[in-house]
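Shown next, in structure tokens, is the structure this report addresses.
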Amino acid sequence: AIIDTEGHIITNNHVISGAQQIQVTLANGNMYSATLVGTDATTDLAVIKLDNPPSDLKAVEFADSDNLAVGEAVMAIGNPLGYDDTATTGIVSALNRPVTVTDDDNNAIVTNAVQIDAAINPGNSGGALVNDNGELVGINSLIESYSGSSSGVGFAIPVNYAKNIADQIID
């Protein structure tokens, strides 16, 4: 999710962890190189910045994730299983759901997430979760499944929390 016109993008730490090079493809198909600004492994968040952002770059509009309600319609944007520009719809299934993630050092971290029933698969991580107004409500982050890979329950980091962490990383 592009969070400002300077080219800062918020994503998941596990998406860029270990990357030697970062490239971002915008919806118009143009590709840009990006630089890592910083990460917070304990929240699985990272901020990258386009090296030469286009002058007409548009930032996402933010919703207040504290106002999310169970049953509210949401759309998960991402590249599941490598299929670019995919949108899946669903609802908010639960709020403040404690889920466990592991950081780069394999330490277990519990975070309060938004549980969604929109299909989340490998490749959706770091993508935008938006409401029916197209405003960012979360960052797709995690699938919990019996198989360990997909077809499970999807979770997103609430945008108020993610934006706060991103602002700290940028600062």
Determine if the stretch 89-100 includes at least one residue that is free of Cβ contacts under 8 Å to residues at least 60 places away in the same chain and either closer than 26 Å to GLY29 by Cα or part of a loop (DSSP other than H, G, I, E, B) (or both). yes
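Going through ASN160, ASN164 one at a time, which residue ends up being touching an Asp or Glu at 6+ places or on another chain (Cβ under 7 Å) and in a helix (DSSP H, G or I)?
Values: ASN164 fails: touching an Asp or Glu at 6+ places or on another chain (Cβ under 7 Å).
One residue alone meets the criteria, ASN160.
Among the listed residues GLY71, GLY38, GLY82, GLY78, which satisfies the condition of being loosely packed, with under 14 Cβ neighbours inside 10 Å, small (Gly, Ala, Ser) and in contact (Cβ under 8 Å) with a residue 40 or more places away in the chain?
Numbers: GLY71 fails: in contact (Cβ under 8 Å) with a residue 40 or more places away in the chain; GLY38 fails: loosely packed, with under 14 Cβ neighbours inside 10 Å; GLY78 fails: loosely packed, with under 14 Cβ neighbours inside 10 Å.
Just one listed residue meets the conditions, GLY82.
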Across the stretch 59-83, what is the number of residues that are touching an Asp or Glu at 6+ places or on another chain (Cβ under 8 Å) and on the phi > 0 side of the Ramachandran plot? 0
Report, by residue number, each residue of the stretch 109-125 that is open to solvent by less than 80 Å² (accessible area, probe 1.4 Å), part of a strand (DSSP E or B) and over 22 Å from VAL60 (Cα atoms). ILE109, THR111
Pair list, Cβ < 7 Å and 6+ apart or interchain, from the stretch 142-171 residues that are over 20 Å from ASN121 (Cα atoms) and open to solvent by less than 50 Å² (accessible area, probe 1.4 Å) to residues that are modelled with pLDDT under 95 and part of a loop (DSSP other than H, G, I, E, B): ILE165/THR43
Considering ALA94, ALA46, ALA63, ALA59, which residue is loosely packed, with under 15 Cβ neighbours inside 10 Å and either in contact with a helix residue (DSSP H, G or I) (Cβ under 8 Å, 6 or more places away or on another chain) or closer than 22 Å to ASP132 by Cα (or both)? ALA94
Selected residue (only one of ILE9, ILE3 is touching a Lys or Arg at 6+ places or on another chain (Cβ under 8 Å) and within 18 Å of ASN79 (Cβ to Cβ)): ILE9
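The values are calculated or read from the model by the stated rules, or taken from the named source; none is laboratory data. All values derive from a computational prediction rather than experimental measurement. All Cβ positions, even for glycine, are placed from backbone atoms using ideal geometry, and neighbour counts span all protein chains on display. The protein model used for the area step is the full one, side chains on, heavy atoms only, and it has no ligands, DNA or RNA in it. Shrake-Rupley method; radii C 1.70, N 1.55, O 1.52, S 1.80 Å.
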